[in-house]
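Working notes for the structure below.
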Amino acid sequence: MQDGDQTSSTKRAPSPEDPIPAVEHSDSDLDNKNGSNRSSSGSSSRSSSSGSSSRSSSGSSTKRLNPRPSTSPDDPLNWSWGKKHAVLTALIPGCLLSDWTLTWGTTVFHMQAPEWGMSVEEVSHSVSPGIALQGLGGLVAVPLCERYGRLPVLFYSQLLSLAATLGAMYAPSYGAFTAFRALQGFFGAPPQVIGMCVVHDLFFFDDRARKVNIWAASFLVGPYLGPLFSSLLVLRLGWRDDFGILAALYATSLLVVVLLGDETMFARAGMTLRGTEGDPVQGESTGFQAGRHAWLLLGVEGWRDKAAAASSSSMWGVWRKQCALLTRPYLLLPTALFITPITMWTIGMVATISQFVLPPPEAGGYGFSMVALAMLYFAPIVGTLLAETWGHWFNDVLARRHMARYGIECRLTATYPAVVVGAVGLVLFGQTLEHHLSWVGLALGWAMLCFNTLANMTAVSAYLLDCLPRHAALTGAWLNFGRVVGGFSVAYFQLPWFHRNGAALSFGLQAVVMVGATLVIAATQVWGRTWRARFPAPHGGADTD
């Protein structure tokens, strides 16, 4: 149980995760009432942003820590660089496979249709229930990971996803196959949610935007890597053997979690806190213990924590906070009204691209072979990797140059250039299809759309993590829900819309929707600070619970 989940009184001792001083010292009303609740120790930390330097008594420059870790060597914030990134690495395969799994099956529709006596378009609907249950799976995962820990939720997620994949592999009918695909979406979702709280648990404020970028890239590049490999495998394998390879990948992910994973949830309440890098870490580290590691994986350690069960970290307590958070406009608007219309077209594209390019030219397609289709998936991968590079640099520039003056809403500025790139990409894709131009236009438009998706996810994720640092898991769940809810529906109307109105109009209108969604971002930048003061996070001021 984390101290961030403890109920705060009106007067409290300084917390290791008090809202970001870099923002507060320039905007006294930011993060609501926390400034007035500081002790002298909290006030001194206010004078400098995270990562800024102050002079020690010896005249040497020391780096202030934000948030402030405890002096315990078992505190995840005090772990070595290698240990932190090993734990982050344990999360990455699960993030990759969450969407990878659902799009893996998009390349075998033409093989399944004759087996079940259905059309390719009808078989393609097997993807939608899995996408829908991803959102629900993320919401269910949050109370579990807050009550029992991050590690057991990640472990069971990969174990049950492996079982669901084996079920899909041996499914005797379309109905059974679709049911197991839905379970794949439900059980595979937690890594997409856990990622934000693991980044929050492990890294200081200065590093979080870059690590969020890596985490977001891992699950946003997965939808393209999956069908790329699957397209090549089905040249030699049947679709059931193809799913057998997917099961082997889940077994590998499970092994990585067992070998590298560790629990990052840590209670600092009542512990001595470090203010600067020069403050010593005291005591002996617990170290690796096989028995304890097994209990952490299985969730036994979390189940034994009776204090957590009786506190605000209980399942019911977390669920109430999760629902309460959705009523906060600074969370609701960027997720439901911006991320949803931004990402739905990307999900729709990956679910339907094969039906645009595989048909022969006389049928309106491009006559791609399975190998050519596999190579086309490099386009969104390149776009996503470019966005990862862009986000690594641009988000840091925004924070460094503008956060002190404009507050954490400055992070949302990164969405505007990304939306322009994405809208141009959609128009280019639609015009290329409409006039049957070179496939290069399809590849470039798709890459631009995927650049837009990751760049916007990173900007909004970093903003919400700054707004609600102690609600990282809850925030991640709603962000994931907003991302997949549109993707669930778009698979049902994307192709009918395309056939009814043509590619140029349908994709052009999608670009209009995307540009229109930036009005939500503009509103959040104008009134975000006011909203956070008027509608604080559950249990008091912004993240004081």
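The values are calculated or read from the model by the stated rules, or taken from the named source; none is laboratory data. This one's a predicted model, so the numbers in the text were calculated from it and none came from an experiment. Don't worry about glycine lacking a Cβ; one is built from the backbone with ideal geometry, like all the others, and counts go over all protein chains shown. These area figures cover heavy atoms from the full protein model, side chains too; ligands, DNA and RNA do not enter into them. Shrake-Rupley method; radii C 1.70, N 1.55, O 1.52, S 1.80 Å.
What the table shows:
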item	result
Residue within region 340-363 that is hydrophobic (A, V, I, L, M, F, W, C), surrounded by fewer than 17 Cβ atoms within 10 Å (Cβ to Cβ) and farther than 19 Å from L464 by Cβ present	yes
Residue within region 466-487 that is touching a residue at least 60 places away in the same chain (Cβ under 8 Å), among the hydroxyl-bearing types (S, T, Y) and within 30 Å of L373 (Cβ to Cβ) present	no
Count - residues of region 155-181 that are open to solvent by less than 10 Å² (accessible area, probe 1.4 Å) and among the hydrophobic types (A, V, I, L, M, F, W, C)	4
Any hit, region 103-114, residues being under 30 Å from L202 (Cβ atoms) and buried (at least 22 other Cβ atoms within 10 Å of the Cβ)	yes
Selected residue (only one of T413, T432 is out of contact with any strand residue (DSSP E or B) (no Cβ under 6 Å at 6 or more places or on another chain), of a type in the set (S, T, N, Q) and closer than 22 Å to N213 by Cβ)	T413
Inter-residue pairs, beta-carbon under 9 Å, first of a type in the set (D, E, K, R) and in region 115-142, second surrounded by fewer than 23 Cβ atoms within 10 Å (Cβ to Cβ) and assigned to a loop (DSSP other than H, G, I, E, B), 6+ apart	none
Only listed residue being over 25 Å from G516 (Cα atoms) and open to solvent by less than 10 Å² (accessible area, probe 1.4 Å), chosen from A472, A387	A472
Selection from region 132-148 of residues that are touching a Gly at 6+ places or on another chain (Cβ under 6 Å) and open to solvent by 10 Å² or more (accessible area, probe 1.4 Å)	L133, Y148
Search result, residues across region 475-494 that are open to solvent by 10 Å² or more (accessible area, probe 1.4 Å), within 22 Å of L428 (Cα to Cα) and either touching a Ser or Thr at 6+ places or on another chain (Cβ under 6 Å) or of a type in the set (V, I, T) (or both)	A491
Helices (runs of 4 or more DSSP H) wholly inside region 458-545 containing at least 2 residues that are farther than 28 Å from K211 by Cα and of a type in the set (S, T, Y)	472-501
Unique residue being over 28 Å from G383 (Cβ atoms) and out of contact with any Lys or Arg (no Cβ under 9 Å at 6 or more places or on another chain) when the list is G222, G175, G188	G175
One residue from G35, G51, G94, G42 being touching a helix residue (DSSP H, G or I) at 6+ places or on another chain (Cβ under 7 Å), in a helix (DSSP H, G or I), under 30 Å from P538 (Cβ atoms) and at pLDDT below 80	G35
Conditions (1) in contact with a helix residue (DSSP H, G or I) (Cβ under 7 Å, 6 or more places away or on another chain); (2) open to solvent by 50 Å² or more (accessible area, probe 1.4 Å); (3) among the small types (G, A, S): number failed by G302	(2)
